[in-house]
Amino acid sequence: LELSASHNITQIVEVVSEFEKRDRLVKHLETAMEDKDAKIIIFASTKRTCDEVTTYLRGDGFPALAIHGDKEQRERDWVLNEFRNGKSPIMVATDVAARGIGMYY
């Protein structure tokens, strides 16, 4: 009951149909990317979905990278570093990968 998100973090949870997901995601990203210092984490339920969303976003010109348990440790470290430094301000992660993100800040 005493846990809460940082006031520096904006969380958006929206329930939509499968058909609406990509359009809604792109609209949210376009708005968020107006802030040049924004960093965005998108959580995906599976490793496959994580890779699919990342491929889709990169195809649309968004600077996104994926992180999940099937990536080698060296690649996970590189993705986290690119995200932390703002070179790739969008990171798509599985919930399992997300557990370790806080350890790197």
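Observations
- Karplus-derived 3J(HN,Hα) values for region 67-72, using 6.51 cos²θ - 1.76 cosθ + 1.60 with θ = phi - 60°, are 9, 7, x, 7, 7, 5 Hz; glycine and proline are entered as x.
- Spatially, region 4-24 and region 35-81 are offset by 16 Å when compared through their Cα centroids.
- Cβ-placed point charges (K, R +1; D, E -1), dipole of the chain about Cα centre in debye, nearest 20: 240
- Take each peptide in 16-23, 33-40, 54-61, 86-93, count the other Cβ atoms within 10 Å of every residue, and average; sorted highest first, the result is 86-93, 54-61, 33-40, 16-23.
- The residues of the chain have, on average, 74 Å² of accessible surface per residue, using a 1.4 Å probe with all protein chains present.
- Set of lysines near Lys36 by C-alpha distance (under 18 Å), chain-local residues within fewer than 8 positions excluded: Lys27, Lys87
- Long-range HN-HN contacts of Val92 with modeled amide H, under 5 Å: Ile42, Leu65, Ala66, Ile67
- In order along region 39-54, phi translates into HN-Hα couplings of 10, 10, 10, 10, 8, 10, 7, 9, 4, 4, 4, 4, 5, 5, 5, 4 Hz, rounded to whole numbers, per the Karplus curve 6.51 cos²θ - 1.76 cosθ + 1.60 with θ = phi - 60° and x for Gly and Pro.
- Residue among His7, His28, Gly69 farthest towards the positive dipole end of the chain, charges placed on Cβ: Gly69
The values are calculated or read from the model by the stated rules, or taken from the named source; none is laboratory data. Source: prediction; values computed, not measured. As a convention, Cβ positions derive from the backbone with ideal geometry for all residues, glycine included, and neighbour counts pool all protein chains shown. Ligands, DNA and RNA are excluded from the accessible area calculation, which covers all protein heavy atoms including side chains. Shrake-Rupley method; radii C 1.70, N 1.55, O 1.52, S 1.80 Å.
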